[in-house]
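Let me begin by presenting the structure, written as structure tokens, before commenting on it.
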Amino acid sequence: MIRIVIAEDQRMLLGALASLLDLEDDMEVVGRAADGEEAVRLVRLHKPDLCVMDIEMPKKTGLEAAEALKGSGCRVLILTTFARSGYFERAIRAGAHGYLLKDSPSEELADAIRSIMSGRRVYAPELVDDAAYAEENPLTDREREVLLLISEGKNTKEIASELSLTNGTVRNYVSIILDKLGVGNRIEAITRFKEKGWFK
């Protein structure tokens with residue numbers, strides 16, 4: 001019997017996935033989590049064989065939860081609507097054994113789980129193609145640090161204080177970041193960086 005925890009913040013979809021997998025003769029859903037933190041807790045509690053994990057969830061994203069579970073012995077299958085190469089690459093680095101899109105046929109999920117349990121890795125073909133053309137993060141470590149603080153809501157003065165820089169230097173960094181990412185403002189920079197999966 002393959003023991004499974006499902007992590008999905010949309011309650012209706014969580015129930016549907018659990019019902020779908022419980023219909024399989026060789027599978028049993030032993031836990032349902034509505035956020036990434038709960039997913040990690042349930043995996044540690046029930047010690048399942050596999051966790052089916054959404055990406056965008058409260059408290060901890062699926063990718064953060066996958067990273068937290070690395071080395072736990074529980075395999076992770078990412079199931080998401082996001083066909084983003086950055087997310088895919090980060091999932092691979094987090095040790096995910098599979099990455100499927102929610103618009104895949106439902107029978108593919110059970111087949112993918114069996115394949116993963118037999119030692120294979122299962123990735124949506126379109127993501128594997130995209131990964132071959134994935135862009136490298138153009139920002140230096142310091143520029144990334146500045147953008148991370150911007151994403152936390154800090155202003156120029158607060159960033160300067162935290163990184164022991166002058167306000168002018170921070171403004172220069174912001175200007176370089178916008179230029180490198182090809183965006184017009186700080187919000188767009190954060191969005192672009194997230195979409196590419198470059199926030200580690």
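Only the coordinates and a few stated rules stand behind these numbers; no lab work does. What you see is a predicted model, and the numbers here were worked out from it, not measured in a lab. Neighbour counts run over all protein chains shown; Cβ positions are idealised from the backbone, glycine included.
For every other residue with a beta carbon closer than 9 angstrom to the beta carbon of Leu79, add +1 if it is Lys or Arg and -1 if Asp or Glu, then tell me the sum. Present the calculation step by step, with values, prior to reporting the outcome.
Values: positive: Lys102; negative: Glu8, Asp54.
Neighbour charge sum, excluding Leu79 itself: -1.
Return the equivalent ellipsoid semi-axes of region 78-194 as a descending list in whole Å, where each equals the square root of 5 times an eigenvalue of the C-alpha gyration tensor.
Numbers: eigenvalues 290, 35, 28 Å².
Here the semi-axes work out to 38, 13, 12 Å.
Net charge near Val146: determine it from the other residues with C-beta under 12 Å of the C-beta of Val146, scoring Lys and Arg +1 and Asp and Glu -1. Provide the component values of the computation, followed by the final result.
Values: positive: Arg142, Arg144, Lys154, Arg171, Lys180, Arg186; negative: Asp141, Glu143, Glu145, Glu152, Glu158, Glu162.
Combined, the nearby Lys, Arg, Asp and Glu give 0.
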### Query
With axes computed from alpha carbons, what is the tilt in degrees of helix 167-181 against the longest principal axis of the chain, rounded to the nearest 10 within 0 to 90?
50 degrees
### Query
Which log10 I(q)/I(0) values, to two decimals, does region 22-69 give at q = 0.28, 0.33 Å⁻¹ under the Debye formula with one point per Cα?
-1.02, -1.27
### Positive-end residue of Gly73, Ser104, Ala124, charge dipole of region 53-166 with Cβ unit charges
Gly73
#### Entry: Rounded if a/c under 1.5, otherwise prolate or oblate - region 137-200, Cα gyration tensor axes
prolate
### Task
Could you work out the per residue convex hull volume over the alpha carbons of the chain, in cubic angstrom?
126 Å³
### Query
Given 0.36 nm per residue, what is the gain on full extension from Glu162 to Lys102 after removing their alpha carbon distance, in nm?
17.5 nm
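Take the residue pairs Lys59/Lys194; Lys60/Lys196; Lys70/Lys180; Lys157/Lys196 and return only those whose Cα atoms are more than 21 Å apart. Don't skip to the answer; put the middle values down first.
Numbers: Lys59/Lys194 16 Å; Lys60/Lys196 18 Å; Lys70/Lys180 33 Å; Lys157/Lys196 27 Å.
Beyond 21 Å: Lys70/Lys180; Lys157/Lys196.
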### Message
At 7 Å along Cα-to-Cβ for each site, give me the label-to-label distance between Lys180 and Leu13 in nm.
### Response
3.2 nm
